[in-house]
Amino acid sequence: MSQLLRTIESPADLRRLTRQQLHQLAHELREHVLHSVASTGGHLSSNLGTVELTIALHRVFNTPDDRLVWDVGHQTYPHKILTGRRDRMSGLRQFGGISGFPRRIESEYDTFGTAHSSTSISAALGMALASHIQGSKRTAVAIIGDGAMTAGMAFEALNNAGVSEGRLLVVLNDNDMSISPPVGALNRYLAQLMSGRFYAAAKSVGKQVLKNAPPLFELAKRFEEHAKGMVVPATLFEKFGFNYIGPIDGHDLDSLIPTLENIQQLLDEGAGPQFLHVVTKKGQGYKLAEADPVAYHGPGKFDPAVGLVKPSAAPKTTFTQVFGQWLCDMAQADERLVGITPAMREGSGMVEFERRFPARYFDVGIAEQHAVTFAAGLACEGLKPVVAIYSTFLQRAYDQLIHDVALQNLPVVFALDRAGLVGADGATHAGAYDIAFVRCIPNMAIATPADEAETRQLLSTAFAQAQPVTVRYPRGSGVGAPVPSDLNGLPFGRGERRRQGQGVAILAFGSLLYPALQAAEALDATVVNMRWVKPLDVNLLLAIAQAHELIVTVEEGCRMGGAGSAVIEALQDAGLQRSVLVLGLDDTFTEHGDPAQLLALQGLNAAGIESAVRERLASATLVKNFQAN
């Protein structure tokens, strides 16, 4: 590490540097981000693109008193390094280390926890208005990407902010360059001019002079909008009540810093909410990431001198890949199938589907609510929509799931990727709650395949139903079960007995079937692959319950209201009293770390399941002995 970055323990140190030193700091900071991510894995392209913007924001604004809210937050590694966490980057996204996203408990500079998109403007507006109510001069800054601006929540916040008081700045970090002209000296000059006091004063005076002459005032107003519109897409944001500034080069500190200083002055003068449009490049400064920002969005460990290298041995097929192949095969067999994703084409395994069936592929942007209701509309007209969505993102469309799909009993398939624990992304991305929040909705069905083969088969089963069905599967690969090539399904709402034992019966929901089978060998327990949480295979459950003293349920989801709760309810409805041990995720948010380690800590590996069962059996024996005496 170079000497300059080593001297930065907080933004206060950064503010003492000269402008020339800031350029050197940017170079060193970018190198530190690159080598940190290369050694731990994490988000790279987005972080390389925000180095100069981060420096400029901390230089101009008095953080942490002024609030920075980073939308999504996977671009905050430079922010973390500059705010006292430089030497903790070696533990980034590792168990016990720092998070890959902002966390309020981690640093006073992380003013708002983010990881799901499009929340920054709402949160920053709340902070700005709180400061105004408290009589503070604190500024709140929301930094939001162009992708996150596709979500309705961002525009709801803009609509509210434009008529609100408070010191609010929204920074649009446009790293796609799809809505902006090339930036350069002219744009830099115009941006600084439009953010300067002369421009603001001239505009104010002009309005005062012309307000008594409505035709001239309207003409001047239109001229201003069209003149700015020739260079920038200003009109939309100014209609929301913001003063639009930009676009400017987000990698040019000599443009960023003066512009932000001018904006700060406008806020001091009560000029209302400000909107700064900056253009950055994902992967900036690392040629391989610049050339392929998608591949370097979230890489694992790699050698920066070499770049990403394909593994020598073919990796096991992932659940996501199984879904992607099934989607293409079913689309070939049934022309009614349409695929929908809320901006997760690569993550959800839909790249090949888009290539082969472009007219039936819909990426609706980061708009989960719209995705679900859009699917409902398609289903109303006889099509068969498949919504590929992460479990953690379906939470954002809960009302639409209930009101627009389930209430009308529309045949929409929800392919829930990343169900259960997700590892390094932590609590914000864990699919811990979908069983609980879906199973309480009438008309909804929930399938929990145990492996890759069952994932394909249960997707086919779900597609054949005349009702909405979710099929949940975890991140990564499973046990390597051979995947059939046909499109045959499995019986709807039926499980299977996988091992016959005595005394104890383990009912497994999903991929935890395999550690349950391991534990059962040591316990001589019966194991049932339940496959469906809803409808529950009640006949199989009652037959198992009548022949065993202890029922154990195992699921990679929250215990409260989950599959285990469904089993207890079914037994109660049947008037059958049995001891039930519910194993699943505790009532806490699971930290980031290695998935296997996290499952072990939750007692959801083979050893943990065996230990929990033996502990319950020992407890039951003590109770019996006590009662006998």
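Any read-out appearing in this document is the output of simple, stated calculations on the displayed coordinates, not a laboratory observation. As the structure is a computational prediction, the values presented were derived from the model and not from experiment. Note: ideal-geometry Cβ built from the backbone for every residue, glycine included; neighbour counts use all protein chains shown.
Some points to look at:
- Inter-label distance, nm, simple model (7 Å from Cα along the C-beta direction), residue 499/residue 295: 4.3
- Here the simple spin-label model places points 7 Å from the Cα toward Cβ, and for residue 333 and residue 518 these points are separated by 3.3 nm.
- Two-site FRET efficiency, residue 105 against residue 312, from Cβ-Cβ distance with R₀ of 51 Å, rounded to 0.05: 0.80
- Cα centroid separation - segment 1-47 against segment 415-441, whole Å: 35
- Segment residue 21-residue 576, extension gain: residue separation times 0.36 nm, minus the distance between their alpha carbons: 192.3 nm
- Of the residues 62, 128, 92, the one whose Cα sits farthest towards the positive end of the charge dipole of the chain is 62 (charges of +1 on Lys and Arg Cβ, -1 on Asp and Glu Cβ, taken about the Cα centre).
- Shape class of segment 319-472 from the alpha-carbon gyration tensor: rounded, with the ratio a/c of largest to smallest axis under 1.5.
- Magnitude of the charge dipole, the chain, Cβ model with Lys/Arg +1 and Asp/Glu -1, debye to 20: 600
- Ranking 51, 152, 371 by how far each Cα lies toward the positive end of the dipole of the chain (charges on Cβ) leaves 51 at the top.
- Only Lys, Arg (+1) and Asp, Glu (-1) charged, at Cβ; segment 497-628 dipole about Cα centre in debye: 440
- Among 455, 327, 73 the positive-end extreme of the charge dipole of the chain (Cβ point charges): 73
- Mean-position separation - Cα centroids, segment 494-523 and segment 444-471, in angstrom: 21
- Above-threshold pairs, the threshold being 23 Å between Cα atoms, out of 137/282; 80/239; 80/301; 316/384; 80/137: 137/282; 80/239; 316/384; 80/137
- For residue 269 and residue 479, the difference between the fully extended length at 0.36 nm per residue and the C-alpha to C-alpha distance is 69.3 nm.
- Net charge dipole, segment 319-472: roughly 120 debye, given to the nearest 20, about the Cα centre with Cβ charges of +1 for Lys and Arg and -1 for Asp and Glu.
- The Cα center of segment 575-620 and the Cα center of segment 96-173 differ in position by 38 Å.
- Extension gain (nm, one decimal) between residue 619 and residue 465, 0.36 nm per residue minus Cα-Cα: 51.1 nm
- Oblate is the label for segment 404-470, because a/c, from the alpha-carbon gyration tensor with a ≥ b ≥ c as root eigenvalues, is 1.5 or above and a/b does not exceed b/c.
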